[in-house]
Amino acid sequence: MTDYRTEKDSLGEMRVPTDALWGAQTQRAVENFPISDLRFPRRFIAALGVIKKAAAEVNAELGVIDARLRDAIVAAADEVIRADLDRHFVLDIFQTGSGTSTNMNANEVIATRATQLLGEGARVHPNDHVNAGQSSNDVIPTAMQVAACIALDEDLLPALEQLADSLRAKAAEFDDIVKSGRTHLMDATPVRLGQEFAGFASQIEHARVRVQAAREDLLELPLGGTAVGTGINTPAEFPPRTIARVSELTGIGFHEATDHFERQSTRDVIVYAHGSLNTLAVSLFKIANDLRLLAMGPRSGLNEITLPSIQPGSSIMPGKVNPVIPEAVTMVAAQVMGNQTTITFGGTGSYFELNVMMPVMTYALLQSISLLANASTVLADKCVDGIIANRERCTELLEGNLSLATALAPHIGYDEAADIAKTAFKEGKTARQVARERKSLPEDRLEQVLDPRPMTERGVPGGDG
């Protein structure tokens, strides 16, 4: 049976579980929003702890709170940062759109814990002390950006570097393998398998640049704007000093918003940041799909590469192995694309001086970063690094590719080359066989023109003859 204590806020009294560190405002939100099992991610809670710690240190420097209060708040905030108090962050993502309930959850938990640390007779106030110089309206968007930057730096950007390196290594390993290119899912002129993998690597490298650009925008924090962006009830030195302290605590170069009204009244910065993640999701979807198509078969498909066999693929078909890693990556991409819709619509929830869809935007953003980081690492470790090229199969399919006749066009004309391709298809022959039968070119010249390797490079194949 749960024991309760009585807590008060401006609306009156609330019964709160005795062992809970939160207070009346959090309890109201617990009871008001029994909507889902979704909670703010760990990194966001840690970011709140960082902000509250930095604010307490600066507030002591400015004479807003005394050193004893500072030390207690800092110690409690450190426990939040370390995840020691996570069980006390109990609120649903679907709540007040400003995230006020969660800011007060943090204020109350830190205040209660700091009061415990100070001992009997002390009282740390969640608003007057922990929230001094702040508002939910600048703390929550600041925590969004701080958490996102940490997640990008620690998770996603390193994962993308690993995946790009893995793809580059395969590009070098496969550079001598000439195979059929494909456009519209139909045979096209030759490419090297290494060129395909180099293209994949370039996609990820470009994605990393885009994410880095979004990260730069996230560095500009709204902290200090308080309620509507004017900075009411905040000392002039509070924002730059507190943001500098946040930078010290995280090792990331944050700076104050150039315009607090832009940074608080909108979440364009989050829409932009997630746009880079959505683009990455599209890239990963393309790469994962190409890998499983190149590996399809193994007997009745392309089978130009073999993916690592990491688990049985069927409960009924013995020996079947499926491209499970690429499939998982495509599902991650689908989830991120769905989050893009949530983020985009959330961005439209900016009315006058405040966006009122920040909690769900926070959840979607941090989920996307985590999913993309994990998927990229798994794709590199459990798939790309173990890919084997099936050289003989690549050569076999290439020789039967009627688009090889493209190389004949500069020498015998487009119409004749097209007729050779059509005849070869009709008679079940290769373009080389038909061209040889017609004596379209002298034998040595024909072999030179139809050498597939030069067709993978710029210029006219056999053009120097």
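Taking every residue in region 363-392 that is closer than 25 Å to SER36 by Cα and pairing it with any residue that is among the basic types (Lys, Arg), at least 6 positions away or on another chain, the pairs with Cβ-Cβ distances below 7 Å are LEU366/ARG43. Taking the criterion of being open to solvent by 80 Å² or more (accessible area, probe 1.4 Å), in contact with a helix residue (DSSP H, G or I) (Cβ under 8 Å, 6 or more places away or on another chain) and either of a type in the set (A, V, I, L, M, F, W, C) or over 17 Å from LEU402 (Cα atoms) (or both), the residues of region 428-465 that qualify are GLU443, VAL460. Number of residues in region 1-36 that are part of a loop (DSSP other than H, G, I, E, B) and in contact (Cβ under 8 Å) with a residue 24 or more places away in the chain: the value is 8. Out of THR266, THR250, THR279, one residue alone is touching a Cys at 6+ places or on another chain (Cβ under 8 Å) and open to solvent by 10 Å² or more (accessible area, probe 1.4 Å). It is THR250. Scanning region 374-392 for residues that are over 30 Å from GLU173 (Cα atoms) and either open to solvent by 10 Å² or more (accessible area, probe 1.4 Å) or of a type in the set (Ser, Thr, Tyr) (or both) turns up nothing. Is it the case that region 230-249 has a residue that's more than 22 Å from VAL146 (Cβ to Cβ), of a type in the set (Ser, Thr, Tyr) and part of a helix (DSSP H, G or I)? Among the residues of region 230-249, not one is more than 22 Å from VAL146 (Cβ to Cβ), of a type in the set (Ser, Thr, Tyr) and part of a helix (DSSP H, G or I), which makes the answer no. Annotation note: of ALA83, ALA77, ALA67, the sole residue that is crowded, with 24+ Cβ neighbours inside 10 Å and modelled with pLDDT of 95 or more is ALA77.
Sort out which residues of region 86-109 are assigned to a loop (DSSP other than H, G, I, E, B), open to solvent by less than 20 Å² (accessible area, probe 1.4 Å) and polar (S, T, N, Q), and write them in order of number. Answer for region 86-109, where residues must be assigned to a loop (DSSP other than H, G, I, E, B), open to solvent by less than 20 Å² (accessible area, probe 1.4 Å) and polar (S, T, N, Q): just SER98.
Among the numbered conditions (1) in contact with a Pro (Cβ under 7 Å, 6 or more places away or on another chain); (2) among the small types (Gly, Ala, Ser); (3) open to solvent by 40 Å² or more (accessible area, probe 1.4 Å), the only one that ALA244 does not meet is (1).
Identify, please: which residue in region 285-305 is surrounded by 21 or more Cβ atoms within 10 Å (Cβ to Cβ) and in contact with a Ser or Thr (Cβ under 7 Å, 6 or more places away or on another chain) and is, among those, nearest to LYS320 (Cα to Cα)? Per the criteria, the residue is ALA295. Candidates VAL146, VAL139: the one that is under 29 Å from the mean Cα position of the chain (by Cα), open to solvent by less than 20 Å² (accessible area, probe 1.4 Å) and closer than 19 Å to LEU277 by Cα is VAL146. Considering region 256-368, the qualifying helices (runs of 4 or more DSSP H), each wholly inside and each with 1 or more residues that are touching a Pro at 6+ places or on another chain (Cβ under 8 Å), more than 30 Å from ARG393 (Cα to Cα) and of a type in the set (Lys, Arg), run over 260-265.
From the residues in region 170-205 that are without any contact (Cβ under 8 Å) to a residue 60 or more places away in the chain and within 26 Å of the chain's Cα centre (by Cα), which one is farthest from GLU399 (Cα to Cα)? Per the criteria, the residue is GLU205.
If you go through region 206-241 and keep only what is in contact (Cβ under 8 Å) with a residue 12 or more places away in the chain, open to solvent by 30 Å² or more (accessible area, probe 1.4 Å) and either farther than 24 Å from ASP153 by Cα or among the β-branched types (Val, Ile, Thr) (or both), you end up with ALA227, VAL228, THR230, ASN233, PRO235, GLU237.
Taking region 37-48 as the search range and keeping residues that are touching a residue at least 60 places away in the same chain (Cβ under 8 Å) and in a helix (DSSP H, G or I), which one is farthest from the chain's Cα centre (by Cα)? That would be LEU48.
Considering region 114-128, and only residues there that are touching a Lys or Arg at 6+ places or on another chain (Cβ under 9 Å) and open to solvent by 10 Å² or more (accessible area, probe 1.4 Å), the residue that is modelled with the lowest pLDDT turns out to be ALA122.
Count of region 417-433 residues, restricted to those that are over 14 Å from VAL449 (Cα atoms) and in a helix (DSSP H, G or I), is 10.
Would you please name the residue that is most open to solvent (accessible area, probe 1.4 Å), looking only at residues in region 149-164 that are of a type in the set (D, E, K, R) and in contact (Cβ under 8 Å) with a residue 24 or more places away in the chain? By that ranking, first place goes to GLU161.
Might you check whether a residue that is without any contact (Cβ under 8 Å) to a residue 12 or more places away in the chain and touching a helix residue (DSSP H, G or I) at 6+ places or on another chain (Cβ under 6 Å) occurs anywhere in region 50-64? Scanning region 50-64 turns up at least one residue that is without any contact (Cβ under 8 Å) to a residue 12 or more places away in the chain and touching a helix residue (DSSP H, G or I) at 6+ places or on another chain (Cβ under 6 Å).
Criterion applied to GLU120, GLU57 was being assigned to a helix (DSSP H, G or I) and acidic (Asp, Glu), and the one residue passing it is GLU57.
The residue pairs whose first member lies in region 422-434 and is among the aromatic types (Phe, Trp, Tyr), whose second member is open to solvent by 30 Å² or more (accessible area, probe 1.4 Å), and whose beta carbons are closer than 9 Å, counting only pairs six or more residues apart or on different chains, are PHE425/LEU402.
The values are calculated or read from the model by the stated rules, or taken from the named source; none is laboratory data. Small disclaimer: the values here were computed from a predicted structure and weren't measured. Every residue, glycine among them, receives a Cβ derived from its backbone with ideal geometry; neighbour counts consider all protein chains shown. Note: areas computed on protein heavy atoms with side chains; ligands, DNA, RNA excluded. Shrake-Rupley method; radii C 1.70, N 1.55, O 1.52, S 1.80 Å.
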